[in-house]
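Remarks on the structure that follows.
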Amino acid sequence: MMNTPLVSVIMPAYNTSNFIAEAIDSVIKQTWAHWELIIIDDVSTDDTVEVVNSFSAKEDRIHLIKNLSNKGPGVARNLGIEKAKGSFIAFLDSDDQWLPYKLETQIGFMQQNDLEMSFSSYYLLKENEEQPFAIVQAPEVLTYRKLLKSNYVGNLTGIYDVAKIGKVFAPEIRKRQDWALWLTILKNKGETRAISRPLAVYRVRKESLSKNKTALIAYNYRIYRNFLNFGFLKSCFFMGRFLWEHFIIKRKQVKLLDKGSKLL
């Protein structure tokens, strides 16, 4: 019989008072009850902290950390990882959501297949709508070489096993730090597997990086050049591979849903 280890859920938060209640509620509703939720507020100027406090007052598995200055999600996630007590670490941004069976399904999958990390497919939801418009289909097998071409791990679906590989931290940069973290893990392992069933809902917002193509390209280059320490020519070569992979190959993973489709 499988054990039920503690899962530490890391949630950076900045000015998401309109959405964070749904994100927290999606953790509370998990069928896997052995979790702690660590929320790191990055000096929000709206009511984010008040919303979090309304939950933590009633739920002792929710812990709030308040940064003294705004440092970005990379620093916030690392602070959460540092404080985490769980055998597994999972990530959920404060404007996204999990489906109720997410942790139970994924932890079981990792235990059955002896995986150090895993991820899954996920839904896309427009900012102010209630039903998803697409599914981002995760590749069944993800290799380090494939991940080098583009980030195939939806961070809201990623989990890694602290008991197997220890705590892995992201570089403290403001963008693409999640990709760097998964590259670090997968470089040592070589490959991992994903769950094809969608287990989370990503909210597509107007200011999201995925919609800012210029910023996406710039930050990706920095991962190759500064984080992976590739030379200039090698970085340019991989940027060319990234552009092809991201804008041509990865598009095939996005499957539009019929209007009125319900979450699976």
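Listing for the model above:
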item: Any hit, segment 109-123, residues being surrounded by 22 or more Cβ atoms within 10 Å (Cβ to Cβ), within 25 Å of residue 215 (Cα to Cα) and free of Cβ contacts under 8 Å to residues at least 60 places away in the same chain; result: no
item: Tally of residues being in a strand (DSSP E or B) and within 14 Å of residue 205 (Cα to Cα) across segment 122-144; result: 4
item: Pair list, Cβ under 7 Å, 6 or more apart: segment 222-249 residue touching a residue at least 40 places away in the same chain (Cβ under 8 Å), other residue not in a helix (DSSP H, G or I); result: 223/176; 227/171; 238/230; 242/150; 245/150; 246/150
item: Test: residue in segment 96-105 that is surrounded by fewer than 22 Cβ atoms within 10 Å (Cβ to Cβ), under 25 Å from residue 220 (Cβ atoms), hydroxyl-bearing (Ser, Thr, Tyr) and under 17 Å from the mean Cα position of the chain (by Cα); result: no
item: Qualifying residue in segment 161-171 (condition: modelled with pLDDT of 95 or more, closer than 24 Å to residue 19 by Cβ, buried (at least 17 other Cβ atoms within 10 Å of the Cβ) and small (Gly, Ala, Ser)); result: no
item: Candidate set from segment 1-39 (those that are surrounded by fewer than 24 Cβ atoms within 10 Å (Cβ to Cβ) and in contact with a His (Cβ under 6 Å, 6 or more places away or on another chain)); member that is farthest from residue 52 (Cα to Cα); result: 4
item: Residue 81 surrounded by 18 or more Cβ atoms within 10 Å (Cβ to Cβ), modelled with pLDDT of 95 or more, in contact with a helix residue (DSSP H, G or I) (Cβ under 7 Å, 6 or more places away or on another chain) and closer than 30 Å to residue 109 by Cα; result: no
item: Of all residues in segment 124-134 being touching a residue at least 12 places away in the same chain (Cβ under 8 Å) and either open to solvent by less than 20 Å² (accessible area, probe 1.4 Å) or more than 22 Å from residue 194 (Cα to Cα) (or both), the one that is nearest to the chain's Cα centre (by Cα); result: 125
item: Criterion (at negative phi, charged (D, E, K, R) and either in contact with a Lys or Arg (Cβ under 7 Å, 6 or more places away or on another chain) or at pLDDT 95 or above (or both)) met by exactly one of 146, 126; result: 146
item: Criterion: open to solvent by less than 90 Å² (accessible area, probe 1.4 Å) and not in a strand (DSSP E or B) - qualifying residue of 202, 221; result: 221
item: Contacts under 7 angstrom Cβ, first residue in segment 184-205 being without any contact (Cβ under 8 Å) to a residue 40 or more places away in the chain, partner of a type in the set (Val, Ile, Thr), 6 or more apart; result: 184/168
item: Those residues of segment 40-63 which are open to solvent by 50 Å² or more (accessible area, probe 1.4 Å) and of a type in the set (A, V, I, L, M), in sequence order; result: 43, 57
item: Count of segment 63-121 residues which are in a loop (DSSP other than H, G, I, E, B), within 24 Å of residue 197 (Cα to Cα) and of a type in the set (A, V, I, L, M); result: 3
item: Residue that is farthest from residue 203 (Cα to Cα), among those in segment 64-78 that are surrounded by 16 or more Cβ atoms within 10 Å (Cβ to Cβ) and basic (Lys, Arg); result: 71
item: Residue 95 being touching a Lys or Arg at 6+ places or on another chain (Cβ under 6 Å) and closer than 24 Å to residue 118 by Cα; result: yes
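The values are calculated or read from the model by the stated rules, or taken from the named source; none is laboratory data. All figures in this text were calculated on a predicted structure; none of them were measured in a lab. Positions of Cβ are backbone-derived with ideal geometry, glycine not excepted, and every protein chain shown enters the neighbour counts. Keep in mind that these areas ignore ligands, DNA and RNA; they rest on the heavy atoms of the full protein, side chains included. Shrake-Rupley method; radii C 1.70, N 1.55, O 1.52, S 1.80 Å.
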